[in-house]
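The values are calculated or read from the model by the stated rules, or taken from the named source; none is laboratory data. What you are looking at is a predicted structure, and each value in this text was computed from that prediction instead of being measured. All Cβ positions, even for glycine, are placed from backbone atoms using ideal geometry, and neighbour counts span all protein chains on display. The accessibility values were calculated without ligands, DNA or RNA, using every heavy atom of the protein model including side chains. Shrake-Rupley method; radii C 1.70, N 1.55, O 1.52, S 1.80 Å.
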Amino acid sequence: MKKGLRVLLMLLLALAVAVAAVGCGGQKPAGESKSGANTASGGQDQNQKMKVAFVYVGPVGDAGWSWAHDQGRKYLAEKLPWVETTYMENVPEGADAERVLTELAEQGNKIIFATSFGYMDYVINVAKKYPNVIFMHCSGYKTAENVGTYFGAMEEARYLSGMVAGKMTKKNVLGFVAAHPIPEVIRGINAFTLGARSVNPNVKVKVVWTNTWYDPAAEKQAALSLLDAGADVIAQHQDTPGPQQAAQERGAYGIGYDSDMSQFAPNATLTSPIWNWGPYYVKIVEAVKNGTWKPEQYYGTMKDGIVDLAPFNKMVPQDVRDLVEKKKQEIIDGKFFVFQGPIKDQSGKIRVQEGQKMSQEDILGFNWFVEGVEGEIPK
């Protein structure tokens, strides 16, 4: 009996070992998914969505800058169903931005798009701590092994919108509501002025600074002050339609920004220089997934489709439309360059000689106004 019992126990033990071996036979090494992707080294598990995050300086409902970026986020989610997106809105350009960026990195986001100039140093700081996360900073100029920058030649659309304003003004006074005195904003004011004066040499552009990206009341008040100063067309580098609404209330015209703002001031907004971020976001995410992403300083053009001009409002005459469309095609075909000489500054001094093109470095570092601008750049 004892011998028979021992045999039985040995058989049961062998059976248990066999079952355990079958149960463990399909297990992958640590750090590897069932698909074979090495997730520990940063690869993407094919059965898991890639997490991509966006950080906005204003609310997604601002109808301007943050709204345009969020449309790009939605486009990305629609085109790439294997991507899971999230966003943080109303994030100030300060130390709070570093906290938000850190939280998003900790949450497992593989790519983080920081969409305001003032996030730049915080992006660089956080990127050092999370080398396996890709950071993309909009409108900045600092890069790292896992940090790229991106922006677009909005001066092309600005120039065209200036042509519209120069043709539509009756007082030869245009107003420009400007956010912060940084090269990006100065560049836009200059391009707008050059466009306006190309069709109407008598035009003057008055500038008022708000020192805010998003403040509907302040933006509208700045526009009203320009209207009081004689402007009959209001342009802007602001995130809300406030300036356009001010123009409509006074029976004036407006040039929006970021998105087509005509729906908010249908009797005023003539057109708007606009952003189209979606295709670029798809391109970046696919590059990261495929392992082909490299840090770069992307500066897209109208030919790329990242910048454009919104449809003309009904108030814009056909001859003006034709004139602008012709110039737009010249820009796309590379036959016209916005910042090509001769270009004078406010004092009348020639800064860019005839036939000479400004370098990209000088364009990105604009710190002076062209002839025709009335206003100062705060130091």
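Among the listed pairs Lys74/Lys314; Lys170/Lys314; Lys220/Lys328, which have their C-alpha atoms separated by more than 24 angstrom in this model? Going by Cα-Cα distance, Lys74/Lys314; Lys220/Lys328 fall outside the 24 Å limit. Placing +1 on the Cβ of every Lys and Arg and -1 on the Cβ of every Asp and Glu, with nothing else charged, gives the chain a dipole about its Cα centre of roughly 1240 debye. When DSSP beta bridges are restricted to pairs lying wholly in region 115-268, around 5% turn out antiparallel. Ranked by the mean number of other Cβ atoms within 10 Å of their residues, highest first, the peptides 282-291, 264-273, 150-159 fall in the order 150-159, 264-273, 282-291. Please list log₁₀ I(q)/I(0) at q = 0.06, 0.13 Å⁻¹ for the chain, using the Debye equation with identical point scatterers on the alpha-carbon positions. The computed values of log10 I(q)/I(0) come out as -0.30, -1.03. Each of the peptides 235-243, 97-105 was scored by the mean count of other Cβ atoms within 10 Å over its residues; in descending order, highest first, they stand as 235-243, 97-105. The alpha-carbon of Lys335 sits under 23 angstrom from the alpha-carbons of these lysines, leaving out residues fewer than 8 places away in its chain: Lys167, Lys303, Lys326, Lys327, Lys344, Lys357. Select from Asp304, Asp260, Asp228 the residue whose mean-square fluctuation is largest in a Gaussian network model of the chain (Cα-Cα springs shorter than 10 Å). Result for the chain, Cα springs under 10 Å: Asp228 fluctuates most.
For region 130-216, list log₁₀ I(q)/I(0) at each q in 0.16, 0.22, 0.23, 0.26 Å⁻¹, using the Debye formula over Cα point scatterers of equal strength and ignoring solvent, two decimals each. Per q value, in the given order, log10 I(q)/I(0) is -0.71, -1.02, -1.07, -1.20. Ranked by the mean number of other Cβ atoms within 10 Å of their residues, highest first, the peptides 247-255, 318-326, 54-62 fall in the order 247-255, 54-62, 318-326. Taking one quarter of the surface of the convex hull spanned by the alpha-carbon atoms of region 252-379 gives a direction-averaged projected area of 11.3 nm². Taking the convex hull of the alpha carbon positions in region 54-196 and averaging its projected area over all directions gives 9.7 nm². Rolling a 1.4 angstrom probe over region 171-234 with all protein chains present gives an accessible area of which 51% lies on carbon and sulfur atoms.
Under the definition of Cα pairs under 8 Å and six or more residues apart, what whole-number percent is the relative contact order of region 106-248? Computed value for region 106-248: 20 percent relative contact order. Of the DSSP H helices in the chain, those that are both long (alpha-carbon extent of 30 Å or more along the helix axis) and hydrophobic (Kyte-Doolittle mean at least -1.0) are 2-24. Each Lys or Arg adds one and each Asp or Glu subtracts one; over the other residues with Cβ under 14 Å from the Cβ of Ala252, this totals +2.
Positive end of the dipole of the chain (Cβ unit charges, origin at the Cα centre): among Leu226, Gly348, Trp65, the Cα lying farthest that way belongs to Trp65. Looking at the chain, the DSSP beta bridges with both ends there are about 20 percent antiparallel. Divide the volume of the convex hull around the Cα atoms of region 210-316 by the residue count and you get 126 Å³ per residue. With contacts taken as Cα pairs under 8 Å and at least 6 residues apart, the chain reaches a relative contact order of 15 percent.
Taking every alpha-carbon pair within region 247-301, the share separated by more than 14 Å comes to 65 percent. Between Val352, Val133, Val185, which gets the highest mean-square fluctuation from a Gaussian network model of the chain, Cα cutoff 10 Å? Maximum among the listed residues: Val352.
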